[in-house]
Amino acid sequence: MTMPDLEHALDALAGRVSSLREARAAYPKDLAPTLDAALAELDTAAELLAEAREELRKAPRRPGGKKDGGQRELKLLRQVFRAFPVPVIVLDGGGVVRRINPETSRMLGSPDGYLVGRSFPLLVDVSRRAAFRSHLTAVLQTGQPSAFETRLAHQGRTHTVQLALTRLTMPGEPQQMVAAVALPTEVQLPEPGARRPEQADGALLLAAARRQDLLARMARLLLEEDALMRPGALQRATRLLAAEWADWVIADLMRDGLPHRAAVMAPKNHPLGDLVRQVESADPAGSMVVMQVLDRRSGVVQEMVDDESVLGFCAEGPLLTVMGAGSLLSVPIGHGDGVLTLVRAHDRPPFALADLAVMQEVGLQLGLALRAQVSFQSRSRAADALSASVAPRNLPDVPGYEAAAVYHPGSSVGAEFYDVFPVSGGWGFALGGAAGKGEEAASVSAMVRGGLRVLSAWEADPDLVMRKVNEALVAQGTGMFVMAVAGFVKGREIRLSSAGHHPAALLQPDGAVRFAAGGGVPLGISAEAETEVQTLTVAVGETLVLYSEGLVSSRNERGEPYGEERLADVLGRCAGQAPSTVVKAVEADRHAFSGGRVWDEIVVFALRGV
């Protein structure tokens, strides 16, 4: 066959292939005749390749010009290869793409030369890769052509093709090659929004907008108070990524110097079965890509997975193989806190460098959020512990009395306290708070509360207890002072000692309210305590009410303080009511007065004679 004859045959073949495409489009439900004709054209294509190869072998060489002759042969082969009207791929013995013609690039939707150097079996459907490798090996070993049906997936396109393999001996190549001719029999195109962003400016802008939207949504998710307070930020973040950006999302976090699998999100339609459990139980320390990202502190993207073993192995083989991976992206979480890995299947567009950039930012945000979560939860536990140290969980039963209290924390860690405890020969109670906010003020309040409780076990007078606590507080040198009141209950008498505290209110059965003396100098100011001492009689039906600075200093929208006069009015309306009703009424009135705003801690304690 001469070169003009070959070119004429190629033109005729191109025309027939074009007719086949039109027939398939016109009669999509009647594929049998089209498929038979397509197989005949495949046979013709294989014969043309064989004749072209034989023609090249017979081509005369110039005397002494072996090198020039080889170059002419290669040039002729390239021309034939590029002009061939059906998809043709030249593979080496390992299945790596060595040459690819324009028709193949058009079919697969990839740029010219994009697949060169990549493993062709990765384009083959996972369930049929083993069969493909067997056919490839048989063709190489026996030299006999082989044709079979299989599925190819790339760039969001899925093709059912009739694949014909033929062994080649190419000039200048030491090893045998294989020509793969692929004729599509069924094509599934990607969704309109799933096209590669490089295809059009509009699509590029849309993809950029989606990436920015992801960053904004991720930031909102990680900064929510609920995400900081509870250990669910990682699960919520991986769930967001799995919903739109990947089929599989895997998060590995560092613990004791080694990565540990912390979260796995499978595809939405994937059952929670053995594969998910195998991915969850796989050791990330055995993953090359995880260890590489941890070592280099930078992300990696594989638009097309070349080595399916990089994520490790499971009982069925390489994880990426059983996951049906087509593209992979892996980035650091924070600064060495872990690794975030995203995997897409063959039938989805691959990850690109732009995706790597946005995911590296996501990884950084996630790392910062996880560290903030640890710090926030640690502080929260400390705050809870401090709050527990300034308020009892339950009030004990005081013989002859009924007690109730309400406690509302303020905008920071609480510094107010109240307590009811046994004393020598009776019961005691205390209420107060350090002047200040935060953990230091709360710790000082807890120290005073504990001191009053402990010393009251030995002292019979609350004023002696108050003075000794003052000495201890001054000796500590905290620089903080505490307003406090302590009372000992002996029968119907209550002896009060006040150190700069608001006066107690005594609610009588007829609704009258009178206030005790209160006053004195707060604890911790002077080595010599200056307290006010008073003994009250609380008859049956009378209620003694103590309250914090935060209650009477609460303000309304006009800046007016709640004050003791308003407190007396509320208490007067609660005459004859149980202590629990009294404290709730005060709480509700203050809430209505200040519009629900709470700046300082609010404590109301009521003790009623029964």
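The values are calculated or read from the model by the stated rules, or taken from the named source; none is laboratory data. Computed from a prediction, not measured in an experiment: that's the story for all the values here. Note that we place each Cβ from the backbone using ideal geometry, even for glycine, and neighbour counts take in every protein chain shown. Heavy atoms of the whole protein, side chains included, go into the accessibility calculation; ligands, DNA and RNA do not. Shrake-Rupley method; radii C 1.70, N 1.55, O 1.52, S 1.80 Å.
Numbers for the structure displayed
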| item | result |
| --- | --- |
| Flag for residue 349 being modelled with pLDDT under 90, in a loop (DSSP other than H, G, I, E, B) and either under 30 Å from residue 452 (Cα atoms) or of a type in the set (Lys, Arg) (or both) | no |
| Residue 540 vs. criteria farther than 17 Å from residue 604 by Cβ and touching a residue at least 60 places away in the same chain (Cβ under 8 Å) | yes |
| Residue that is touching an Asp or Glu at 6+ places or on another chain (Cβ under 6 Å) and either open to solvent by 30 Å² or more (accessible area, probe 1.4 Å) or under 21 Å from residue 519 (Cβ atoms) (or both), where the choices are 439, 416, 459 | 416 |
| Qualifying residue in the range 100-119 (condition: loosely packed, with under 14 Cβ neighbours inside 10 Å and under 19 Å from residue 308 (Cα atoms)) | yes |
| Filter result for residue 294 (outside any strand (DSSP E or B) and over 21 Å from residue 215 (Cβ atoms)) | yes |
| Filtered residue count, the range 97-125, keeping only those that are in a loop (DSSP other than H, G, I, E, B) and touching a Ser or Thr at 6+ places or on another chain (Cβ under 9 Å) | 7 |
| Among the residues listed as 558, 573, 590, the single one being surrounded by 15 or more Cβ atoms within 10 Å (Cβ to Cβ) and basic (Lys, Arg) | 590 |
| Residue ID - farthest from the chain's Cα centre (by Cα), chosen from residues in the range 497-551 that are surrounded by 15 or more Cβ atoms within 10 Å (Cβ to Cβ), among the acidic types (Asp, Glu) and within 19 Å of residue 571 (Cα to Cα) | 542 |
| Pair list, Cβ < 6 Å and 6+ apart or interchain, from the range 551-573 residues that are without any contact (Cβ under 8 Å) to a residue 24 or more places away in the chain and assigned to a helix (DSSP H, G or I) to residues that are open to solvent by 30 Å² or more (accessible area, probe 1.4 Å) and of a type in the set (S, T, N, Q) | none |
| Condition met for residue 276 (among the hydrophobic types (A, V, I, L, M, F, W, C), out of contact with any Leu (no Cβ under 9 Å at 6 or more places or on another chain), crowded, with 16+ Cβ neighbours inside 10 Å and assigned to a helix (DSSP H, G or I)) | yes |
| Qualifying residue in the range 237-252 (condition: more than 16 Å from the chain's Cα centre (by Cα), modelled with pLDDT under 95, surrounded by 13 or more Cβ atoms within 10 Å (Cβ to Cβ) and outside any loop (DSSP other than H, G, I, E, B)) | no |
